[in-house]
Amino acid sequence: MAGRFAPRPTRTTVRGGHVAVPPGVPGQAGGPVRERVRVRTWVPDGPFDLGLVLGPLRRGPGDPTFRATRDGAVWRTCLTPAGAGTLRVVAVGGEVRGQAWGPGAEWLLEQLPELLGAADDPSVFVPRHRVVALARHRRPGLRLTRTGRVLESLIPSILEQKVTTDEAYRAWRLLVRKFGEPAPGPAPERMAVLPGPRTWALIPSWEWHRVGVDNKRASTILRAVRVAERLEEAVGMEPAAARARLQLVSGIGPWTSAETVQRSHGAPDEVTVGDLHLPGIVGWALAGDRDADDEVMLSLLEPYAGQRHRAARLILLSGVVPARRAPKMPRFDIGRL
């Protein structure tokens, strides 16, 4: 009966960072080893759900930098300060085990606890609405990840500006597979590492066009990678200061900066404004107002000051969403022009 009423993925819960990860299998936590592998074990101090914690890092089911496998593991690639790296994480029993390959392996394992939400404190969150309280009860393992890297969250967020998620995910998938390097270690097939700033800067204009990225978004990415080092320094800043630095780059606004620091900093209060759907979802869940705008959304989230992003994620994970009033927006591929 418990499984019958377990939360099921919907278009809203997936956006809230839900990734279906099977339970880790005892005896298979080691995984295949063909190259030198580094290992680290971390024990959470409370409820922990691997799919909820790392789910926001996945940009679509075909993301070359993220993969959830049937053995209960999550694979992730990252361009670290030390170079490319592949990380495999699996939760078995009461502990989480990370394995890493490549030049960036040591950096990935050093950052593993923060990636898994060790710096986050979900106990300070107090639900003020029934929908939020129920979502928290059903998802006790939710923690906010902190990647410690800016560009890997900034570039896909720029690609998601003003287009459907399907279009953005397709562009991200094609660009990373074509211009990124193969993932180190025994990673699943077709996984790749985010291209470096110089590689992004050298992508020809026609390649952007072929994957459906217009000149405005491509130009924003090019401006960002030219100052990549300065943007990566923002990891050491407070979220508000980091957002201010990101927004110094023309084409990066409040929506993009919030989506970035939510992942790079694990910022619990940086709520996304300027979104097409989020205000209506929050308004519907908390006040029955499907026509809510950003101002109304922020007023409804005011009781969660300091934890507004966490509250918004729980609302998305609740699956409480107004019914569609129109068909889904069709995807327009400029690459065919």
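The values are calculated or read from the model by the stated rules, or taken from the named source; none is laboratory data. This one's a predicted model, so the numbers in the text were calculated from it and none came from an experiment. Backbone-built Cβ (ideal geometry, glycine too); neighbour counts: all protein chains shown. We work out accessible area using only protein heavy atoms, side chains counted, and drop any ligands, DNA or RNA first. Shrake-Rupley method; radii C 1.70, N 1.55, O 1.52, S 1.80 Å.
Restrict the check to region 183-196 and report whether at least one residue is on the phi < 0 side of the Ramachandran plot, in a helix (DSSP H, G or I) and open to solvent by 70 Å² or more (accessible area, probe 1.4 Å).
Taking region 183-196 as the starting set, the residues that turn out to be on the phi < 0 side of the Ramachandran plot are 183-184, 186-189, 191-196.
Narrowing further to those that are in a helix (DSSP H, G or I): none.
So far as region 183-196 goes, no, none of its residues is on the phi < 0 side of the Ramachandran plot, in a helix (DSSP H, G or I) and open to solvent by 70 Å² or more (accessible area, probe 1.4 Å).
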With among the charged types (D, E, K, R), in a strand (DSSP E or B) and open to solvent by 20 Å² or more (accessible area, probe 1.4 Å) as the only criterion, which of R76, R97 stands out? R97
With the checklist (1) among the small types (G, A, S); (2) surrounded by fewer than 20 Cβ atoms within 10 Å (Cβ to Cβ); (3) more than 21 Å from L57 (Cα to Cα) in hand, flag the one item G212 doesn't pass. (2)
Just to be sure before I move on: is P156 modelled with pLDDT of 95 or more, in a loop (DSSP other than H, G, I, E, B) and not charged (D, E, K, R) in the structure I sent? no
Of the conditions (1) farther than 28 Å from L115 by Cα; (2) in contact (Cβ under 8 Å) with a residue 24 or more places away in the chain; (3) surrounded by fewer than 22 Cβ atoms within 10 Å (Cβ to Cβ); (4) not polar (S, T, N, Q), the single one that E232 does not satisfy is (1)
S299 meets each of (1) of a type in the set (S, T, N, Q); (2) open to solvent by 10 Å² or more (accessible area, probe 1.4 Å); (3) within 19 Å of S157 (Cβ to Cβ) with one exception, condition (3)
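For every residue, the table says whether it meets (1) at pLDDT 95 or above; (2) closer than 30 Å to D214 by Cβ.
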position	(1), (2)
P254	yes, yes
R263	yes, yes
E270	yes, yes
A285	yes, no
V321	no, yes
Write out, first by first residue and then by second, each pair whose Cβ atoms fall under 7 Å of each other, whose residues are 6+ apart or on separate chains, and whose first residue, in region 162-186, is closer than 22 Å to K216 by Cα while the second is surrounded by fewer than 17 Cβ atoms within 10 Å (Cβ to Cβ) and of a type in the set (V, I, T). F179/T199
Could you tell me whether any residue of region 288-308 is more than 18 Å from the chain's Cα centre (by Cα), of a type in the set (S, T, N, Q) and part of a helix (DSSP H, G or I)? yes
Cβ-Cβ under 9 Å pairs, at least 6 apart or on other chains, region 198-224 side without any contact (Cβ under 8 Å) to a residue 24 or more places away in the chain and within 18 Å of D333 (Cβ to Cβ), far side among the hydroxyl-bearing types (S, T, Y) and assigned to a helix (DSSP H, G or I): N215/S205; A218/S205
Under the condition of being under 17 Å from H265 (Cβ atoms) and of a type outside the set (A, V, I, L, M), which residue from region 137-154 is most open to solvent (accessible area, probe 1.4 Å)? R146
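Being assigned to a strand (DSSP E or B) and either in contact with a strand residue (DSSP E or B) (Cβ under 7 Å, 6 or more places away or on another chain) or basic (K, R) (or both), is that true of even one residue in region 101-111? Can you show your working first?
Start the filter on region 101-111 by keeping residues that are assigned to a strand (DSSP E or B), which leaves 101.
Then keep just the ones that are either in contact with a strand residue (DSSP E or B) (Cβ under 7 Å, 6 or more places away or on another chain) or basic (K, R) (or both); that gives 101.
So far as region 101-111 goes, yes, one or more of its residues are assigned to a strand (DSSP E or B) and either in contact with a strand residue (DSSP E or B) (Cβ under 7 Å, 6 or more places away or on another chain) or basic (K, R) (or both).
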Checking E270 against (1) crowded, with 22+ Cβ neighbours inside 10 Å; (2) without any contact (Cβ under 8 Å) to a residue 60 or more places away in the chain; (3) out of contact with any Gly (no Cβ under 9 Å at 6 or more places or on another chain); (4) in a helix (DSSP H, G or I), only one condition comes out false. Which one? (4)
